[in-house]
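Chemist: Got a structure for you, written out below as structure tokens; questions coming shortly.
The values are calculated or read from the model by the stated rules, or taken from the named source; none is laboratory data. If you're wondering where the values come from, they're calculated on a predicted model, not measured in any experiment. Cβ coordinates were reconstructed from backbone atoms using ideal geometry, including for glycine residues, and neighbour counts include every protein chain displayed. These area figures cover heavy atoms from the full protein model, side chains too; ligands, DNA and RNA do not enter into them. Shrake-Rupley method; radii C 1.70, N 1.55, O 1.52, S 1.80 Å.
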Amino acid sequence: MRAALEVGLVLVLFALYKFGRAMVADQVSQAMRHAEVVRTLQASLWLPSEAAIQASVHVESLMRAANVYYTVVHFPLMVAFLVWGFLRRNPGEYRWARNLVVIQTGAALAIHVFFPLAPPRMFPEWGFVDTMERYGPSPYEGVSGDVANQFAAMPSLHVGWAVLIAYVVARTGPRWLAWLAGCHAALTAMIVVITANHWWLDGVIGVALLLVAAAVLPRPPTAKREVAQRREASATRDDVAA
């Protein structure tokens, strides 16, 4: 029953994503204008040029590998993360992590609707190369293209989810797995830039939403603390019985 409820929650989020995609499908000019705003803001903040970084590492084999990672790893890893939490962590830790995902993703979907944003790869005039169109693979073609929202650059759920996984695993998982999750987060942040799928601020907002979610959700007790609390509760019951 619990598993069915969790699957149902994922399906609801997926339905909301499709709804948001339908709402912004025809807002091309607005998404392009928003990109100009973001680019100007980033320049005023002295953030490095994504186009310059992409050009400095533009090797076909690297770009193909980055495209594969961007396309293949993102969603399946989140599913694996939730399944791992459901099966291997205690219920309190799992619910905390699941609720972080729900709040972060729900807020991101709202921003996608109210602030459609074109990604850098749509602006060759600014020096960007659409590596997915040039080299493949692309999540915006075929069956996946019917679902993907190309104007959902802000915030980056690729970065947001990757950092969320690293944060949760660092707190509740084994050290070796936390190290891998941290590497995934760093690699994802680099890949979204060199493939021109996201602006710097997209990743920043994705992480900011995680910080908000973490601030409003009480942290579950650690395993040691939970054992101590159970022992305390048991001792209290014994004292009352005596």
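Chemist: Give region 167-198 a look and list any residue that's over 14 Å from the mean Cα position of the chain (by Cα) and of a type in the set (A, V, I, L, M, F, W, C), or say none. I'd like the intermediate steps shown before the answer.
Modeler: Here is the first cut: in region 167-198, the ones over 14 Å from the mean Cα position of the chain (by Cα) are 169-180, 183, 193-196.
The answer is VAL169, ALA170, TRP176, LEU177, ALA178, TRP179, LEU180, CYS183, VAL193, ILE194, ALA196.
Chemist: Looking only at region 144-183, count how many residues are surrounded by fewer than 19 Cβ atoms within 10 Å (Cβ to Cβ) and assigned to a helix (DSSP H, G or I).
Modeler: Taking region 144-183 and keeping what is surrounded by fewer than 19 Cβ atoms within 10 Å (Cβ to Cβ), we get 144-148, 170-171, 174-180, 182-183.
Remaining after also requiring assigned to a helix (DSSP H, G or I): 144-145, 170-171, 175-180, 182-183.
So the answer is 12.
Chemist: What's the total number of residues in region 24-56 that are charged (D, E, K, R) and closer than 23 Å to LEU109 by Cβ?
Modeler: Of region 24-56, the ones charged (D, E, K, R) are 26, 33, 36, 39, 50.
Checking which are closer than 23 Å to LEU109 by Cβ leaves us with 26, 33.
So the count comes out to 2.
Chemist: Also, quick follow-up: Mind checking whether some residue in region 132-143 is open to solvent by 20 Å² or more (accessible area, probe 1.4 Å), under 17 Å from PRO76 (Cβ atoms), outside any loop (DSSP other than H, G, I, E, B) and touching a residue at least 60 places away in the same chain (Cβ under 8 Å)?
Modeler: There is no residue in region 132-143 that is open to solvent by 20 Å² or more (accessible area, probe 1.4 Å), under 17 Å from PRO76 (Cβ atoms), outside any loop (DSSP other than H, G, I, E, B) and touching a residue at least 60 places away in the same chain (Cβ under 8 Å).
Chemist: GLY127 is checked against (1) free of Cβ contacts under 8 Å to residues at least 40 places away in the same chain; (2) at positive phi and fails just one. What number does that condition carry?
Modeler: (1)
Chemist: So which residues in region 115-131 are in contact with a helix residue (DSSP H, G or I) (Cβ under 9 Å, 6 or more places away or on another chain), assigned to a helix (DSSP H, G or I) and open to solvent by 20 Å² or more (accessible area, probe 1.4 Å), if there are any at all?
Modeler: Applying the first criterion (in contact with a helix residue (DSSP H, G or I) (Cβ under 9 Å, 6 or more places away or on another chain)) to region 115-131 yields 115-123, 126-131.
The next check asks that each one be assigned to a helix (DSSP H, G or I); those that pass are 120-122, 126, 131.
Selection gives MET122, TRP126.
Chemist: If I filter region 65-96 down to residues being of a type in the set (Gly, Ala, Ser) and out of contact with any Ser or Thr (no Cβ under 7 Å at 6 or more places or on another chain), which single residue comes out as modelled with the highest pLDDT? Steps first, please.
Modeler: The first filter runs over region 65-96 and keeps only residues of a type in the set (Gly, Ala, Ser), leaving 65-66, 80, 85, 92.
Filter once more, keeping what is out of contact with any Ser or Thr (no Cβ under 7 Å at 6 or more places or on another chain): 65, 80, 85, 92.
Numbers: ALA65: 96, ALA80: 92, GLY85: 92, GLY92: 90.
The residue in question is ALA65.
Chemist: Identify, from the list ARG219, ARG171, ARG225, the residue that is out of contact with any Lys or Arg (no Cβ under 9 Å at 6 or more places or on another chain) and at pLDDT below 95. Before the answer, list the steps.
Modeler: Working: ARG219 fails: out of contact with any Lys or Arg (no Cβ under 9 Å at 6 or more places or on another chain); ARG171 fails: out of contact with any Lys or Arg (no Cβ under 9 Å at 6 or more places or on another chain).
Result of the check over ARG219, ARG171, ARG225: ARG225.
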